[in-house]
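Scroll down for the structure; my scribbles are underneath it.
The values are calculated or read from the model by the stated rules, or taken from the named source; none is laboratory data. Keep in mind that what you see is a predicted model, and the values were worked out from it rather than measured. All Cβ positions, even for glycine, are placed from backbone atoms using ideal geometry, and neighbour counts span all protein chains on display. Accessible surface areas use protein heavy atoms only, side chains included; no ligands, DNA or RNA. Shrake-Rupley method; radii C 1.70, N 1.55, O 1.52, S 1.80 Å.
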2 protein chains.
Amino acid sequence: MIIDRLYESVDKKGVVCVGLDTSLDYLPAEFLKSFENIEDALFNFNKRIIDATFDAAGCFKVQIAYYEAYGIAGLMAYKKTLKYLREKGAVVIADIKRGDIAKTAEMYAKAHFTGDFESDFVTLSPYMGLDSIEPYLPYIDNEEKGVFVLVRTSNKGAEDIQYIKSENGKMIYDEVADKLYVMGEKHMGNCGYSSIGGVMGCTHVEEGLELRKRLAKMFFLIPGYGAQGGKAEDVALYLKDGNGGVVNSSRGILLAYRKQENGEKHFDECAAAETVRMRDEIAAAVKKLNA
Amino acid sequence: MIIDRLYESVDKKGVVCVGLDTSLDYLPAEFLKSFENIEDALFNFNKRIIDATFDAAGCFKVQIAYYEAYGIAGLMAYKKTLKYLREKGAVVIADIKRGDIAKTAEMYAKAHFTGDFESDFVTLSPYMGLDSIEPYLPYIDNEEKGVFVLVRTSNKGAEDIQYIKSENGKMIYDEVADKLYVMGEKHMGNCGYSSIGGVMGCTHVEEGLELRKRLAKMFFLIPGYGAQGGKAEDVALYLKDGNGGVVNSSRGILLAYRKQENGEKHFDECAAAETVRMRDEIAAAVKKLNA
């Protein structure tokens with residue numbers, strides 16, 4: 001199962017998920033100028049980042065919104081980026097947050113698990129319910145694919161739905177987590193985690209430990225580190241022995257070069273150094289928590 | 001505001017939203033064979049449907065999942081379909097159900113309100129909260145755009161989140177509806193409806209009437225008619241004087257030709273006849289309800 005490949009990759013390379021949320025204005029000016037079109041500029045920037053961070057990245061996450069924003073040219077770069085990552089043997093999460101039902105969901109599954117936009121994992125949004133996840137299950141069972149479903153996010157607006165308490169006293173995100181967990185138990189890898197993972201934003205200490213304990217077999221995709229305020233100690237709560245989750249950083253890695261004098265010329269090395277720094281910082285926090 | 005254009009279009013042409021959820025296997029075999037590639041086949045099928053149904057369609061909805069499923073070629077057909085619809089002066093809803101926050105949501109707004117994939121309205125999913133809607137607001141105020149946000153759907157899985165009762169006794173979809181309604185009041189058209197609309201699936205009589213009354217200024221995008229079980233009397237509950245909502249039908253219209261002998265050759269005329277039939281059936285149900 002794909003979750004075993006992700007688990008092994010994290011075991012070997014660490015928990016950092018390098019987020020390729022590549023906006024054209026993130027590219028160093030000189031580098032951008034050297035390309036004639038958007039497709040080549042975006043793809044070649046990604047390629048340099050991928051090559052440089054590869055050995056310290058547990059996986060890569062490609063945020064499709066950034067490519068959709070450039071229309072067909074952007075999606076050509078998206079396609080090439082996914083292909084390059086998969087050919088290198090990386091585990092790739094397509095951050096698409098799709099959420100629909102029936103034949104429409106089948107079409108999304110086909111779109112992102114086969115053909116031009118094939119990835120290993122996709123992210124999904126659960127608002128329409130568990131039947132919006134079901135069309136992806138045949139790919140999990142038969143095609144070495146997996147999903148990460150939005151459970152709990154840390155943005156201000158999360159209060160509007162996720163943090164509403166239901167009449168039985170459970171937060172909505174707990175309702176979602178528990179339902180997904182039951183579904184996930186039928187799609188377990190050998191590593192002890194399910195190929196149905198959850199997107200789980202940072203929280204305070206007690207709740208973080210409780211979530212990790214209760215959802216012991218759910219692999220977490222953890223957003224919000226760095227630029228969005230999450231600290232190494234926060235994400236460590238979700239990482240048992242340094243596995244069971246990956247921690248995404250996008251701008252923190254892609255734009256690391258802006259914090260270095262003359263960083264523009266070696267933006268890829270700056271990205272690699274930040275990936276290593278982040279990996280080691282989180283590993284140290286996990287060690288401290290378990291001490 | 002765009003909502004005024006939609007209102008006027010419904011006033012003139014009726015409540016039917018023609019859903020272009022175009023799967024390759026919906027195309028008549030002979031027609032499909034006459035094209036050399038997927039892009040041309042999908043686009044030319046759509047073009048025939050659009051031309052034939054144009055006078056009886058209040059608006060068109062293009063379901064992006066069906067085009068994503070065919071990769072770049074599918075998205076080229078998607079782009080051409082949107083362009084053709086907008087050049088003809090149709091009101092176009094891009095059914096994308098995106099849901100993300102911050103810069104990612106800004107990129108989705110840019111993707112679907114400008115450039116290759118420009119449409120008039122997009123559908124959105126609210127799970128991450130109201131800050132996943134906010135990045136679209138500048139386009140509503142300055143660029144004649146609008147959104148339909150998922151509120152209440154009628155699929156089985158809707159029970160998993162939307163139909164959970166919160167501790168204050170409100171269903172989650174009511175929480176969503178009420179929050180969107182407040183937001184929508186700042187983006188009102190002259191027609192009395194907001195450019196922030198809601199996707200509202202069919203329900204039983206009392207609740208339908210209550211929702212329509214309470215959310216008096218919210219324009220509804222109503223799925224589920226026909227193939228999905230919704231009846232004219234059900235959708236009529238949501239339509240004040242035959243406006244204030246549009247009723248989507250996709251397969252019912254695209255595949256109308258399969259119910260006619262030799263329908264394959266004139267699939268577009270069959271689609272047009274079904275659009276007219278549906279429009280008149282719903283208009284009669286609205287009239288009966290108001291009698």
Over segment B:136-161, the set of residues more than 7 Å from chain A (Cβ to nearest Cβ) and surrounded by 20 or more Cβ atoms within 10 Å (Cβ to Cβ) is B:Y136, B:Y139, B:I140, B:K145, B:G146, B:V147, B:F148, B:V149, B:V151, B:R152
Filter segment B:171-192 down to the residues that are open to solvent by 30 Å² or more (accessible area, probe 1.4 Å) and facing chain A (nearest Cβ under 9 Å) and list them by number.
B:K179
Return yes when B:G198 is small (G, A, S) and over 21 Å from B:E274 (Cβ atoms) and no when it is not.
yes
Considering every residue within segment B:110-123, establish whether at least one is crowded, with 24+ Cβ neighbours inside 10 Å, more than 7 Å from chain A (Cβ to nearest Cβ) and in a helix (DSSP H, G or I).
yes
In segment B:235-291, what count of residues is obtained for those that are under 30 Å from B:G189 (Cβ atoms) and either of a type in the set (V, I, T) or part of a loop (DSSP other than H, G, I, E, B) (or both)?
16
If you check A:E261 against the conditions, is it free of Cβ contacts under 8 Å to residues at least 40 places away in the same chain and surrounded by 21 or more Cβ atoms within 10 Å (Cβ to Cβ)?
no
Counted residues in segment A:124-135 being open to solvent by 30 Å² or more (accessible area, probe 1.4 Å) and more than 7 Å from every other protein chain (Cβ to nearest Cβ) come to 1
Write out, first by first residue and then by second, each pair whose Cβ atoms fall under 8 Å of each other, whose residues are 6+ apart or on separate chains, and whose first residue, in segment A:54-76, is on the phi < 0 side of the Ramachandran plot and at the interface with another protein chain (Cβ under 7 Å from one of its Cβ atoms) while the second is in a helix (DSSP H, G or I) and basic (K, R).
A:A69/B:K110; A:I72/B:K79
